[in-house]
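Engineer: I have a structure here, written as C-alpha coordinates, and I will follow up with some questions on it.
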Amino acid sequence: MRIDVIDQPDAEVPARPAATLVLVRDGDGELEVLMIHRGAETAFGGMWAFPGGGIEDDDIPAGTEPDPLPAARRAAVRETQEEISLTVDPDSLVFWSHWLPPGKNALSPKRYSTWFFVAEAHDGHADHVIDVDGNEVHAHQWVPPAVALHMQERGEILIAPPTYVTLTQLARYGDVASALAAADPRYFATHMLMDGETRLCLWEGDAAYGLDDHTIDGPRHRLAMDEVNGWRYFNTVG
(Lines give C-alpha, C1' and ligand atoms only; values in the text may rest on other atoms or scores of the structure.)
Protein backbone atom coordinates (compact mmCIF):
# COMPACT_ATOMS: atom_id res chain seq x y z
CA MET A 1 0.00 0.00 0.00
CA ARG A 2 1.24 3.50 -0.79
CA ILE A 3 0.03 4.91 2.53
CA ASP A 4 1.16 4.30 6.08
CA VAL A 5 -1.02 1.67 7.77
CA ILE A 6 -1.07 1.67 11.56
CA ASP A 7 -0.73 -1.91 12.87
CA GLN A 8 0.18 -3.94 15.92
CA PRO A 9 3.87 -4.96 16.13
CA ASP A 10 2.86 -8.60 16.80
CA ALA A 11 0.30 -8.83 14.01
CA GLU A 12 0.07 -12.33 12.55
CA VAL A 13 -2.01 -11.05 9.62
CA PRO A 14 -1.42 -7.47 8.37
CA ALA A 15 -4.34 -5.15 8.93
CA ARG A 16 -6.07 -3.79 5.86
CA PRO A 17 -6.60 0.00 5.88
CA ALA A 18 -10.25 1.02 6.10
CA ALA A 19 -12.45 4.02 6.80
CA THR A 20 -15.83 4.54 8.45
CA LEU A 21 -18.24 7.48 8.29
CA VAL A 22 -20.58 8.33 11.16
CA LEU A 23 -23.29 10.64 9.84
CA VAL A 24 -25.00 12.67 12.56
CA ARG A 25 -27.99 15.00 12.56
CA ASP A 26 -30.05 17.00 15.03
CA GLY A 27 -33.16 14.98 15.79
CA ASP A 28 -36.10 15.79 18.02
CA GLY A 29 -34.18 17.40 20.84
CA GLU A 30 -31.22 15.04 20.58
CA LEU A 31 -28.42 13.97 18.30
CA GLU A 32 -29.03 11.01 15.99
CA VAL A 33 -26.61 8.76 14.09
CA LEU A 34 -27.16 6.79 10.90
CA MET A 35 -26.64 3.06 11.35
CA ILE A 36 -26.84 0.26 8.80
CA HIS A 37 -27.55 -3.46 9.18
CA ARG A 38 -24.84 -5.39 7.34
CA GLY A 39 -25.56 -8.51 5.31
CA ALA A 40 -24.40 -11.87 6.64
CA GLU A 41 -21.79 -12.35 3.90
CA THR A 42 -20.03 -9.03 4.50
CA ALA A 43 -17.30 -8.06 6.96
CA PHE A 44 -18.97 -7.77 10.38
CA GLY A 45 -21.92 -9.63 8.87
CA GLY A 46 -25.21 -9.34 10.72
CA MET A 47 -24.03 -6.39 12.80
CA TRP A 48 -25.37 -2.87 12.97
CA ALA A 49 -22.59 -0.47 12.10
CA PHE A 50 -21.74 2.71 10.22
CA PRO A 51 -21.07 2.93 6.46
CA GLY A 52 -17.49 2.22 5.47
CA GLY A 53 -15.02 -0.26 4.05
CA GLY A 54 -11.51 -0.88 2.80
CA ILE A 55 -9.26 1.83 1.38
CA GLU A 56 -8.32 1.17 -2.24
CA ASP A 57 -5.34 2.47 -4.23
CA ASP A 58 -7.73 4.62 -6.26
CA ASP A 59 -8.75 6.42 -3.05
CA ILE A 60 -5.24 7.86 -2.62
CA PRO A 61 -5.11 11.45 -3.91
CA ALA A 62 -2.04 12.14 -6.03
CA GLY A 63 0.85 13.55 -4.06
CA THR A 64 -0.56 12.73 -0.61
CA GLU A 65 1.38 9.53 0.05
CA PRO A 66 2.19 8.26 2.63
CA ASP A 67 -0.35 10.29 4.68
CA PRO A 68 -3.34 7.96 5.20
CA LEU A 69 -5.92 10.61 6.10
CA PRO A 70 -6.70 11.97 2.60
CA ALA A 71 -7.18 8.43 1.29
CA ALA A 72 -9.28 7.50 4.33
CA ARG A 73 -11.56 10.49 3.73
CA ARG A 74 -12.09 9.51 0.11
CA ALA A 75 -12.71 5.88 1.01
CA ALA A 76 -15.28 6.78 3.67
CA VAL A 77 -17.15 8.95 1.18
CA ARG A 78 -16.92 6.38 -1.63
CA GLU A 79 -18.12 3.51 0.56
CA THR A 80 -21.05 5.58 1.83
CA GLN A 81 -22.06 6.27 -1.75
CA GLU A 82 -21.69 2.63 -2.75
CA GLU A 83 -23.45 1.17 0.29
CA ILE A 84 -26.38 3.54 0.78
CA SER A 85 -26.29 5.98 -2.18
CA LEU A 86 -25.52 9.09 -0.13
CA THR A 87 -23.18 11.79 -1.42
CA VAL A 88 -21.00 13.41 1.23
CA ASP A 89 -18.48 16.24 0.87
CA PRO A 90 -15.05 14.89 1.91
CA ASP A 91 -14.20 18.29 3.40
CA SER A 92 -17.09 17.92 5.87
CA LEU A 93 -15.52 14.87 7.53
CA VAL A 94 -14.07 15.37 11.01
CA PHE A 95 -11.44 12.85 12.11
CA TRP A 96 -12.83 11.20 15.23
CA SER A 97 -10.74 8.11 16.08
CA HIS A 98 -8.61 5.25 14.80
CA TRP A 99 -9.29 1.60 15.62
CA LEU A 100 -7.02 -1.41 15.48
CA PRO A 101 -7.79 -5.00 16.56
CA PRO A 102 -5.30 -7.15 18.47
CA GLY A 103 -2.40 -8.57 16.50
CA LYS A 104 -3.24 -12.04 17.82
CA ASN A 105 -6.48 -13.72 18.93
CA ALA A 106 -8.69 -11.04 17.40
CA LEU A 107 -12.47 -11.51 17.49
CA SER A 108 -12.50 -11.76 13.68
CA PRO A 109 -9.95 -13.34 11.32
CA LYS A 110 -10.18 -10.20 9.18
CA ARG A 111 -8.20 -7.30 10.56
CA TYR A 112 -8.81 -3.66 9.67
CA SER A 113 -6.86 -0.53 10.60
CA THR A 114 -9.79 1.86 10.50
CA TRP A 115 -10.09 5.64 10.51
CA PHE A 116 -13.43 6.87 11.89
CA PHE A 117 -14.88 10.19 10.73
CA VAL A 118 -17.96 12.11 11.85
CA ALA A 119 -19.90 14.41 9.51
CA GLU A 120 -23.12 16.37 9.72
CA ALA A 121 -25.96 15.10 7.55
CA HIS A 122 -27.99 17.49 5.41
CA ASP A 123 -31.32 17.52 3.56
CA GLY A 124 -29.88 15.31 0.83
CA HIS A 125 -29.43 12.53 3.36
CA ALA A 126 -33.11 12.04 4.18
CA ASP A 127 -34.57 8.56 4.55
CA HIS A 128 -36.17 8.55 1.10
CA VAL A 129 -32.76 9.17 -0.50
CA ILE A 130 -31.03 6.29 1.29
CA ASP A 131 -30.96 3.17 -0.87
CA VAL A 132 -29.95 -0.26 0.47
CA ASP A 133 -29.49 -3.26 -1.81
CA GLY A 134 -30.86 -5.89 0.59
CA ASN A 135 -27.67 -7.89 0.20
CA GLU A 136 -24.61 -5.99 1.41
CA VAL A 137 -26.86 -3.75 3.52
CA HIS A 138 -30.27 -4.95 4.75
CA ALA A 139 -31.63 -1.86 6.47
CA HIS A 140 -30.83 1.52 7.95
CA GLN A 141 -32.10 3.71 10.75
CA TRP A 142 -31.45 7.09 12.34
CA VAL A 143 -31.20 6.55 16.07
CA PRO A 144 -29.98 8.44 19.15
CA PRO A 145 -26.72 6.85 20.37
CA ALA A 146 -28.17 6.07 23.82
CA VAL A 147 -31.13 4.30 22.22
CA ALA A 148 -28.82 2.18 20.07
CA LEU A 149 -26.85 1.21 23.17
CA HIS A 150 -30.06 0.17 24.95
CA MET A 151 -31.04 -1.90 21.91
CA GLN A 152 -27.69 -3.68 22.11
CA GLU A 153 -28.14 -4.23 25.84
CA ARG A 154 -31.54 -5.83 25.23
CA GLY A 155 -30.11 -8.09 22.54
CA GLU A 156 -32.08 -6.43 19.74
CA ILE A 157 -28.98 -5.53 17.71
CA LEU A 158 -25.42 -6.81 17.49
CA ILE A 159 -22.57 -4.30 17.34
CA ALA A 160 -18.78 -4.41 17.45
CA PRO A 161 -16.62 -2.79 20.16
CA PRO A 162 -15.60 0.25 18.04
CA THR A 163 -19.27 0.94 17.32
CA TYR A 164 -20.17 0.57 20.99
CA VAL A 165 -17.48 2.99 22.18
CA THR A 166 -18.24 5.51 19.41
CA LEU A 167 -21.93 5.47 20.36
CA THR A 168 -20.97 5.92 24.02
CA GLN A 169 -18.82 8.92 23.12
CA LEU A 170 -21.51 10.55 20.96
CA ALA A 171 -24.21 9.94 23.58
CA ARG A 172 -22.58 12.69 25.65
CA TYR A 173 -23.70 15.38 23.23
CA GLY A 174 -27.15 16.80 22.67
CA ASP A 175 -26.57 18.21 19.22
CA VAL A 176 -24.29 18.02 16.21
CA ALA A 177 -22.47 21.29 16.85
CA SER A 178 -21.32 20.27 20.34
CA ALA A 179 -20.23 16.83 19.14
CA LEU A 180 -18.14 18.16 16.26
CA ALA A 181 -16.63 20.87 18.46
CA ALA A 182 -15.51 18.20 20.93
CA ALA A 183 -13.66 16.09 18.33
CA ASP A 184 -10.32 15.01 19.78
CA PRO A 185 -8.98 12.06 17.76
CA ARG A 186 -8.07 9.05 19.87
CA TYR A 187 -6.21 5.91 18.87
CA PHE A 188 -7.57 2.57 20.05
CA ALA A 189 -4.97 -0.17 19.54
CA THR A 190 -6.75 -3.07 21.23
CA HIS A 191 -5.23 -5.54 23.68
CA MET A 192 -7.47 -8.42 24.78
CA LEU A 193 -7.65 -10.31 28.07
CA MET A 194 -10.18 -12.63 29.69
CA ASP A 195 -11.83 -12.09 33.07
CA GLY A 196 -13.42 -15.48 33.57
CA GLU A 197 -15.98 -15.69 30.75
CA THR A 198 -15.87 -11.95 30.11
CA ARG A 199 -13.75 -10.62 27.27
CA LEU A 200 -11.91 -7.41 27.98
CA CYS A 201 -10.74 -4.93 25.34
CA LEU A 202 -8.01 -2.75 26.84
CA TRP A 203 -6.60 0.46 25.40
CA GLU A 204 -3.67 2.75 26.09
CA GLY A 205 -3.93 4.35 29.49
CA ASP A 206 -5.34 1.29 31.23
CA ALA A 207 -3.03 0.08 34.01
CA ALA A 208 -3.14 -3.45 32.57
CA TYR A 209 -2.58 -2.44 28.93
CA GLY A 210 0.01 -4.73 27.34
CA LEU A 211 0.16 -6.95 30.41
CA ASP A 212 -1.40 -10.30 31.29
CA ASP A 213 -3.05 -9.33 34.59
CA HIS A 214 -6.26 -7.33 34.23
CA THR A 215 -6.59 -6.88 38.02
CA ILE A 216 -3.62 -4.52 38.41
CA ASP A 217 -4.66 -1.36 40.28
CA GLY A 218 -4.65 1.90 38.41
CA PRO A 219 -6.47 3.82 35.70
CA ARG A 220 -9.00 2.06 33.52
CA HIS A 221 -9.60 2.32 29.79
CA ARG A 222 -11.40 -0.85 28.79
CA LEU A 223 -14.59 -2.45 27.55
CA ALA A 224 -15.91 -5.43 29.51
CA MET A 225 -18.02 -7.58 27.16
CA ASP A 226 -20.08 -9.51 29.69
CA GLU A 227 -22.72 -11.44 27.74
CA VAL A 228 -24.76 -12.05 30.92
CA ASN A 229 -24.68 -8.70 32.71
CA GLY A 230 -24.11 -6.48 29.70
CA TRP A 231 -21.22 -4.55 28.24
CA ARG A 232 -19.54 -1.80 30.29
CA TYR A 233 -17.12 0.84 29.07
CA PHE A 234 -14.68 2.23 31.65
CA ASN A 235 -12.58 5.32 30.95
CA THR A 236 -10.85 7.15 33.78
CA VAL A 237 -8.04 8.50 31.59
CA GLY A 238 -10.07 11.10 29.67
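Engineer: Translational D (Stokes-Einstein, µm²/s) of the stretch 29-92 at 37 °C and 0.692 mPa s when Rh comes from the Kirkwood sum over C-alpha pairs?
Structural biologist: Working: Rh = 13.1 Å.
Answer from the Stokes-Einstein relation: 251 µm²/s.
Engineer: Could you put Met35, Met151, Met1 in order of accessible surface area, largest first, with the 1.4 Å probe and the full protein assembly present? Let's see the in-between values first.
Structural biologist: Details: Met35 0, Met151 30, Met1 115 Å².
Listed by decreasing accessible area, they come as Met1, Met151, Met35.
Engineer: Here is a follow-up. Antiparallel as a % of all DSSP beta bridges within the chain, to the nearest 5? Kindly include the intermediate steps, with their values, before the conclusion.
Structural biologist: Details: 34 of 47 bridges.
The answer is about 70 percent antiparallel.
Engineer: Right, here's the next one. Compute the accessible area per residue over the chain, keeping the other protein chains in place, probe 1.4 Å, unit Å². Don't skip to the answer; put the middle values down first.
Structural biologist: On the way: 11350 Å² over 238 residues.
Heavy-atom accessible area per residue stands at 48 Å².
Engineer: With a 1.4 Å probe and all protein chains in place, put Val88, Val132 in order of accessible area, largest first.
Structural biologist: Details: Val88 10, Val132 45 Å².
Order by accessible area, largest first: Val132, Val88.
Engineer: May I ask you to derive the relative contact order of the stretch 10-79, considering only C-alpha pairs under 8 Å and at least 6 residues apart, and to give it as an integer percent? Before the final figure, lay out each step's value.
Structural biologist: Numbers: 89 pairs, mean separation 22.3, N = 70.
About 32 percent, as a whole number.
Engineer: Then there is this: Can you list the DSSP H helices in the chain whose Cα atoms extend at least 20 Å along the helix axis and whose mean Kyte-Doolittle hydropathy is -1.0 or higher? Provide the component values of the computation, followed by the final result.
Structural biologist: Details: long enough: 68-84 (24 Å, -0.69).
Correct list, ordered by number: 68-84.
Engineer: Out of residues 5 or more away from Asp175 or on other chains, whose amide H comes under 5 Å of its own, with H placed 1.01 Å from N in the peptide plane?
Structural biologist: Leu31
Engineer: Take peptides 136-146, 70-80 and line them up by average Cβ neighbours within 10 Å, highest first, as a rough protection proxy. Write down the numbers at each step before the final one.
Structural biologist: On the way: 136-146: 17.7, 70-80: 24.3.
In descending order of packing, they fall as 70-80, 136-146.
Engineer: Continuing with the same structure: Taking θ as phi - 60°, what are the ³J(HN,Hα) couplings along the stretch 98-105 by the Karplus curve (6.51, -1.76, 1.60), each to the nearest whole Hz, with x for Gly and Pro?
Structural biologist: Once rounded to whole Hz, the list reads 10, 10, 9, x, x, x, 10, 6.
Engineer: While we're here: On the accessible surface of the chain, probed at 1.4 Å, how many percent belong to carbon and sulfur atoms? Kindly include the intermediate steps, with their values, before the conclusion.
Structural biologist: On the way: 5570 of 11350 Å².
The value for the chain is 49 percent carbon and sulfur by accessible area.
Engineer: OK, next. For Gly27, what residues show an amide H to amide H distance below 5 Å, using hydrogens built from the backbone and excluding near sequence neighbours?
Structural biologist: Distant-sequence amide H within range of Gly27: Glu32.
Engineer: Output ³J(HN,Hα) for the stretch 121-127: one whole-Hz value per residue in order, computed from phi by the Karplus curve 6.51 cos²θ - 1.76 cosθ + 1.60 with θ = phi - 60°, and x for Gly and Pro.
Structural biologist: Residue by residue, the stretch 121-127 yields 6, 9, 4, x, 10, 5, 4 Hz.
Engineer: A further question on this structure: Beta carbons within 10 angstrom, averaged per residue: use that to sort the peptides 46-53, 175-182, highest first. Don't skip to the answer; put the middle values down first.
Structural biologist: Values: 46-53: 21.8, 175-182: 15.2.
The peptides rank, most packed first, as 46-53, 175-182.
Engineer: Using only alpha carbon positions, build the gyration tensor of the stretch 41-133, then give the equivalent ellipsoid semi-axes as the square roots of 5 times its eigenvalues, largest first, whole angstrom. The partial results should precede the final answer.
Structural biologist: Working: eigenvalues 101, 73, 28 Å².
With the √(5λ) rule applied to the stretch 41-133, the semi-axes are 22, 19, 12 Å.
The values are calculated or read from the model by the stated rules, or taken from the named source; none is laboratory data. Only a predicted model underlies this, so the values are computations on that prediction, with no experimental measurement involved. FYI the Cβ positions are ideal-geometry reconstructions off the backbone, even for glycines, and counts take in every protein chain you see. Surface areas here come from the heavy atoms of the whole protein model, side chains and all, with no ligands, DNA or RNA. Shrake-Rupley method; radii C 1.70, N 1.55, O 1.52, S 1.80 Å.
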